[in-house]
1. Rolling a 1.4 angstrom probe over the protein heavy atoms, how many square angstrom per residue are accessible across the range 110-196?
2. From largest accessible area down, sort Trp101, Trp166, Trp220; use a 1.4 Å probe on the protein chains.
3. Taking K and R as +1 and D and E as -1, what net charge do the other residues with C-beta under 15 Å from the C-beta of Leu105 add up to?
4. Full extension from Leu277 to Val211: what is 0.36 nm times the residue separation minus their Cα-Cα distance, to one decimal in nm?
5. By per-residue mean of other Cβ atoms within 10 Å, what is the highest-first order of 251-261, 109-119?
6. I'd like the accessible area for Arg288, computed on protein heavy atoms only with a 1.4 Å probe and all protein chains in place. Round to 10 Å², please.
Amino acid sequence: MDTLTERLDSWVEAGLVSPEQAERIASFEDIRAEHTGFSPATPGDLDLDRRPDAPSRTTVTAAPPRPPRADRDRTSLAEAIGYVGASLALGAVALLLGELWADLLVGGRLALVGVLTVAVFGAGLALRGAERGAMRRLTSVLFAATVAGVGWFAGVVAGDLLDLRWAQTGLSVGGSMLVVAGVLYLWRGGALLQLAALGSALLTAGMALSVPDLSLDPVWYGVAFATIGVAWFLLAFGGWLAPRGLAEVTGALATLLGVQVAAFDGATVPALAAGMLGAGVLVWLSVRHDRLHYLIVGAIALFVVTPRLVFELFGDAIGAPATLLLIGLLLVLLAVGIGRARREVVHDRTDPHGGAS
């Protein structure tokens, strides 16, 4: 049975509790252990004598002692030292590159970027078995830096060694980062690698559309970004991506980005109408599933898309009054939705026949 510390770290990683809540729980259990003399027993620690002729007896065995507070403080200190060291190293590299990069040959550039990327990845591998939340966070940062290093290396190969055009170079950078970020995310998971994978996918799609010698309309870029965002949201909604809440929010924001890009020129009204429809679906899902972050993103999308759509449809003459009217109606609908969601949640929790939710 995992210790309480390991379970709290896993809950924080899954987004069930915040780091501050986990710290308060750990402090509470420390204080309770000092007063009682033992930690809460796990189900495996209970020895029940079920013989019918024997009295009921429960034997409580103390759980393995939790690490002292000093050990956890040292872990946090190690994490802080790691971040400070990484920041200083990045600053030094930036200064060196600013002075020496133009004078380096292609081989020197590849060697420098390759050594830095391998060093960061090796540090992440060395810490991959750490069970502490602080060390796991540091590992995620190192692996995310590895993704960036791989993209940098690919950019040097494509731009300096092969002398490719900027779109082809960007496609090489995005594709290599997407592959590495996807592999690392499937292996380790985590919020940073998830964000790296989504960003790499958007970059790859944009650069892929820029490679042909065609002047594509912005609507195609918007459709590509929105498709990736919708797919990302659906994967998170189905439980395939974790942390789920972060993936749902970033997928919805990527969809909103696609709508804005598609509406930049050309099919403005259809793109904005699709954006309003998607925002309405998010608001409905927030009421249906009691998810506050759906409501927040849906409200942001509505307030971003609605004014543009109103002015496109009605022009400057009645655009401002119509916009104010629609925004007022949207606020009323949002208030009704929030009130209904809270009422249904309270009803579910207090219904004596339905049980606690």
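The values are calculated or read from the model by the stated rules, or taken from the named source; none is laboratory data. Keep in mind that this is a model prediction, so the values were computed, not measured. Cβ placement follows ideal geometry from the backbone for every residue including glycine, while neighbour counts extend to all protein chains displayed. These accessible areas exclude ligands, DNA and RNA; they are computed on the full protein's heavy atoms, side chains included. Shrake-Rupley method; radii C 1.70, N 1.55, O 1.52, S 1.80 Å.
1. Numbers: 4030 Å² over 87 residues.
Heavy-atom accessible area per residue stands at 46 Å².
2. On the way: Trp101 55, Trp166 170, Trp220 145 Å².
From most exposed to least exposed: Trp166, Trp220, Trp101.
3. Details: positive: Arg109; negative: Asp103, Asp160, Asp163.
Taking every other residue near Leu105 into account, the sum is -2.
4. Working: separation 66, 0.36 × 66 = 23.76 nm, distance 3.16 nm.
Between Leu277 and Val211, full extension yields an extra 20.6 nm.
5. Details: 251-261: 22.7, 109-119: 16.5.
Order by mean packing, descending: 251-261, 109-119.
6. Its heavy atoms expose roughly 150 Å² to the probe.
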